[in-house]
């Protein structure tokens, strides 16, 4: 059975160059995607010209003032970036990204693409727990926005043809976005209560915990065990337990 790609949203943050959005609409149509979201911009005349046989996707595109607004109803979010380094780690290769998307068939997933000029701001990147990076020429790693969207859509669309679907781990019992936020807040709260963090902390532990949980995609039993383990740590250090509610 073909994968349901309507649950996957392609999110463009303030696209600048006229025509890119139209080319992306055509790409979405090529690979059977339909949900296009645009932050801080609107399709231009030339976009409709380049969206050959795909104007309906442009006409139905959802417009948002901020990236945060565009992500409200999504369960998992992956950002695409050409930049990588100590403070900009890469979590997923393109094929790993596609596998991740297919392994969570019950969830709505957003793929976020930044501006053609400088990508995403740090605050915007922090809204996206996972990062995907296309390996390209180190001397010229910047990929055109429409081309980047095409590569991502191709990876997702073609994965079932390249990998036996029965071999994939379908995480249909992974907890919801709300439950992930709750256990994340609990774990981070325990670490705060036991004074785990140093005054000169160089690691963003809040983001690190969020990234670990999103990569793990825990089910309810795993969440319960994490609560149990961290509650015991809280008891050992402070002498009392920590409520989960």
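Below, the figures for the structure above:
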quantity: Rounded tilt (10° steps) of 205-216 against the dominant C-alpha axis of the chain; calculated: 70
quantity: Rounded to 5, percent antiparallel among DSSP beta bridges of the chain; calculated: 10
quantity: Rounded Å value of the spacing that divides the Cα centres of the range 100-141 and the range 188-232; calculated: 23
quantity: Alpha carbon convex hull of the range 114-155, projected area averaged over orientations, nm²; calculated: 3.5
quantity: Spin-label proximity, residue 4 to the range 201-228 - amide N less than 19 Å from point 7 Å beyond Cα toward beta carbon; calculated: none
quantity: Dimensionless Rg/Rh of the chain - Kirkwood Rh, Rg from C-alpha atoms; calculated: 1.01
quantity: Translational D in µm²/s for the range 177-238 (Stokes-Einstein at 25 °C, 0.890 mPa s, Kirkwood Rh from C-alpha pairs); calculated: 201
quantity: Order by protection proxy (mean Cβ within 10 Å, highest first), peptides 68-76, 233-241; calculated: 68-76, 233-241
quantity: Gain in span if fully extended, residue 56 to residue 179, counting 0.36 nm per residue against the direct Cα distance; calculated: 40.7 nm
quantity: Relative contact order (percent, whole number), the range 177-238, Cα cutoff 8 Å, 6+ residue spacing; calculated: 55
quantity: Difference of contour (0.36 nm per residue) and Cα-Cα distance, residue 212 to residue 18; calculated: 66.1 nm
quantity: Overall Cα dimensions of the range 118-245 - principal axes, largest extent first, Å; calculated: 55, 41, 21
quantity: For the chain, calculated [θ]222 nm from helices alone, where every DSSP H run of n ≥ 4 adds -39500 (n - 2.57); calculated: -13000 deg cm²/dmol
quantity: For the range 58-80 and the range 1-52, distance of Cα centres in Å; calculated: 12
quantity: Length-normalised contact order of the range 5-167 in % [C-alpha pairs under 8 Å, at least 6 apart]; calculated: 30
quantity: Chain lengthening between residue 69 and residue 42 when straightened (0.36 nm per residue, less Cα-Cα); calculated: 8.2 nm
quantity: Nearest-ten-degree value, helix 220-238 long axis tilted from longest Cα axis of the chain; calculated: 40
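Quick note: the coordinates plus some simple rules give every number you see, no bench work behind them. Values in this document were obtained by computation on a predicted structure and should not be read as measured data. Cβ: placed from backbone, ideal geometry, glycine included. Neighbour counts: every protein chain shown.
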